[in-house]
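Novice: Pasting a structure below so you can have a look.
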Amino acid sequence: MADAVAGRDRCGEQRLVSLPLSRIRVIMKSSPEVSSINQEALVLTAKATELFVQYLATYSYRHGNGKERKALTYSDLSHTAEESETFQFLADILPKKILASKYLKMLKEKREEDEEENDTDDGSPGDEAES
Amino acid sequence: MAERPEDLNLPNAVITRIIKEALPDGVNISKEARSAISRAASVFVLYATSCANNFAMKGKRKTLNASDVLSAMEEMEFQRFVTPLKEALEAYRREQKGKKEASEQKKKDKDKKTDSEEQDKSREEDNDEDEERLDEEEQNEEEELDN
């Protein structure tokens, strides 16, 4: 696989990774606990990111519902983030799209739930503290 | 260091090309899907870095290395990437070895033009690393002071 990628070159030189290493390094370094990264780790992370992009795209296409229309859409991706355990870490940045009206309803329901919870929570310990 | 939020994005053209190569011919990828995958890729880099860093810390090392990244892939349930990554690592090592031998050969040949070009290139890379290392050291000192 690596050879296939290395062989597929654009400008005559052999390219192992097509994502820019400098950018990958900037992203890696934005993580505060990371002190330094050796070149091999950087190349591998860049390569892994390429594999990840391929995998996320093919997985979402295969499991999505755009296959008949030959299309990959956002909802295929958010569906993947929601359904697949491996891609679970993407759920926060690929939220399912819902209608604003539905969202407002959900918010309202949640608020009511919270209020109920608070009521029960406040109940007995509060009384004890006062007595 | 990332100064602007855009610095954490990966180039759209490259991401799009990778997606297109992965999918069957003629599949339409919506603009929203592209930018979502691009964001996902940035998050993947951060997640992988954080996992790899945990392995480096366990090994009491300050510098992330190739085995940390490979361990991170397994931890993240991307075991399927490990074999292609090992192959890529070998290819990279061969390439580096080849470059080194080539530049040594060039030095021997005293081929001035290509030689200086090669050297400039490697020197630039070295400088980058050194500068970053200095930055890191400064940061570490600051952190230590804070603690």
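The values are calculated or read from the model by the stated rules, or taken from the named source; none is laboratory data. As the structure is a prediction and not an experimental result, all values here were calculated from the model. Here Cβ is always computed from backbone atoms with ideal geometry, including for glycine, and neighbour counts include all displayed protein chains. These accessible areas exclude ligands, DNA and RNA; they are computed on the full protein's heavy atoms, side chains included. Shrake-Rupley method; radii C 1.70, N 1.55, O 1.52, S 1.80 Å.
Novice: For segment A:52-85, which residues satisfy the criterion of being open to solvent by 10 Å² or more (accessible area, probe 1.4 Å) and assigned to a helix (DSSP H, G or I)?
Specialist: Across segment A:52-85, the qualifying residues are A:GLN54, A:TYR55, A:THR58, A:TYR59, A:TYR61, A:ARG62, A:HIS63, A:TYR74, A:SER75, A:HIS79, A:GLU82, A:GLU83.
Novice: State yes or no: is B:GLU87 facing another protein chain (nearest Cβ under 7 Å), without any contact (Cβ under 8 Å) to a residue 12 or more places away in the chain and either surrounded by 17 or more Cβ atoms within 10 Å (Cβ to Cβ) or not β-branched (Val, Ile, Thr) (or both)?
Specialist: The answer is yes for B:GLU87.
Novice: I'd like the full set of residues that are of a type in the set (Ser, Thr, Tyr) and open to solvent by 10 Å² or more (accessible area, probe 1.4 Å), limited to segment A:36-50. Write out each step before concluding.
Specialist: Just the residues of segment A:36-50 that are of a type in the set (Ser, Thr, Tyr), to begin with: A:36, A:45, A:49.
A:SER36 - this is the single residue of segment A:36-50 that is of a type in the set (Ser, Thr, Tyr) and open to solvent by 10 Å² or more (accessible area, probe 1.4 Å).
Novice: Only one of these conditions is not met by B:SER35: (1) crowded, with 16+ Cβ neighbours inside 10 Å; (2) assigned by the TED database to the domain that holds B:LEU8. Which number is it?
Specialist: With (1) crowded, with 16+ Cβ neighbours inside 10 Å; (2) assigned by the TED database to the domain that holds B:LEU8 applied to B:SER35, the lone miss is (1).
Novice: Let me ask something else about it. With the requirement that a residue be more than 7 Å from chain B (Cβ to nearest Cβ) and within 16 Å of the chain's Cα centre (by Cα), what does segment A:44-75 give you? Give the derivation first.
Specialist: So in segment A:44-75, the residues more than 7 Å from chain B (Cβ to nearest Cβ) come out as A:46, A:55, A:59-60, A:62-69, A:75.
Across segment A:44-75, the qualifying residues are A:TYR55, A:TYR59, A:SER60, A:SER75.
Novice: Quick one: count up the residues across segment B:38-64 that are closer than 20 Å to B:TYR92 by Cα and surrounded by fewer than 19 Cβ atoms within 10 Å (Cβ to Cβ).
Specialist: 1
Novice: Could you check, for segment A:88-107, whether at least one of its residues is free of Cβ contacts under 8 Å to residues at least 40 places away in the same chain, hydroxyl-bearing (Ser, Thr, Tyr) and more than 21 Å from B:LEU46 (Cβ to Cβ)? Steps first, please.
Specialist: Step one: of segment A:88-107, the residues free of Cβ contacts under 8 Å to residues at least 40 places away in the same chain are A:88-107.
Add one more test, that the residue is hydroxyl-bearing (Ser, Thr, Tyr), and what stays is A:101, A:103.
Then keep just the ones that are more than 21 Å from B:LEU46 (Cβ to Cβ); that gives A:101, A:103.
Checked against the condition, which is being free of Cβ contacts under 8 Å to residues at least 40 places away in the same chain, hydroxyl-bearing (Ser, Thr, Tyr) and more than 21 Å from B:LEU46 (Cβ to Cβ), segment A:88-107 yields at least one hit.
Novice: Quick one: which of B:VAL82, B:VAL45 is touching a helix residue (DSSP H, G or I) at 6+ places or on another chain (Cβ under 8 Å), within 7 Å of chain A (Cβ to nearest Cβ) and modelled with pLDDT of 95 or more? Working first, answer last.
Specialist: On the way: B:VAL82 fails: within 7 Å of chain A (Cβ to nearest Cβ).
B:VAL45 is the lone residue from the list that is touching a helix residue (DSSP H, G or I) at 6+ places or on another chain (Cβ under 8 Å), within 7 Å of chain A (Cβ to nearest Cβ) and modelled with pLDDT of 95 or more.
Let's see how each residue does on (1) modelled with pLDDT under 95; (2) under 25 Å from A:LYS29 (Cα atoms); (3) under 15 Å from the mean Cα position of the chain (by Cα):
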position	(1), (2), (3)
B:ALA41	no, yes, yes
B:SER50	no, yes, yes
B:LYS97	yes, no, no
B:THR114	yes, no, no
B:ASP135	yes, yes, no
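Novice: Now, a different point. With the structure loaded, tell me whether A:SER60 is closer than 22 Å to A:THR86 by Cα, among the small types (Gly, Ala, Ser) and either touching a strand residue (DSSP E or B) at 6+ places or on another chain (Cβ under 6 Å) or modelled with pLDDT of 95 or more (or both) or whether it fails that test.
Specialist: Yes, satisfied.
Novice: If the Cβ limit is 8 Å and pairs must be 6+ apart or interchain, which residue in segment B:38-55 that is closer than 15 Å to B:ILE18 by Cα and without any contact (Cβ under 8 Å) to a residue 40 or more places away in the chain pairs with which residue that is open to solvent by 10 Å² or more (accessible area, probe 1.4 Å) and part of a helix (DSSP H, G or I)?
Specialist: Filtered contacts from segment B:38-55: B:SER38/B:ASN12; B:SER42/B:LEU8.
Novice: Please work out which residue is surrounded by the fewest Cβ atoms within 10 Å (Cβ to Cβ), limiting yourself to segment B:18-29 and to residues that are more than 12 Å from A:LEU72 (Cβ to Cβ) and more than 7 Å from chain A (Cβ to nearest Cβ).
Specialist: For segment B:18-29, the residue satisfying everything is B:ASP25.
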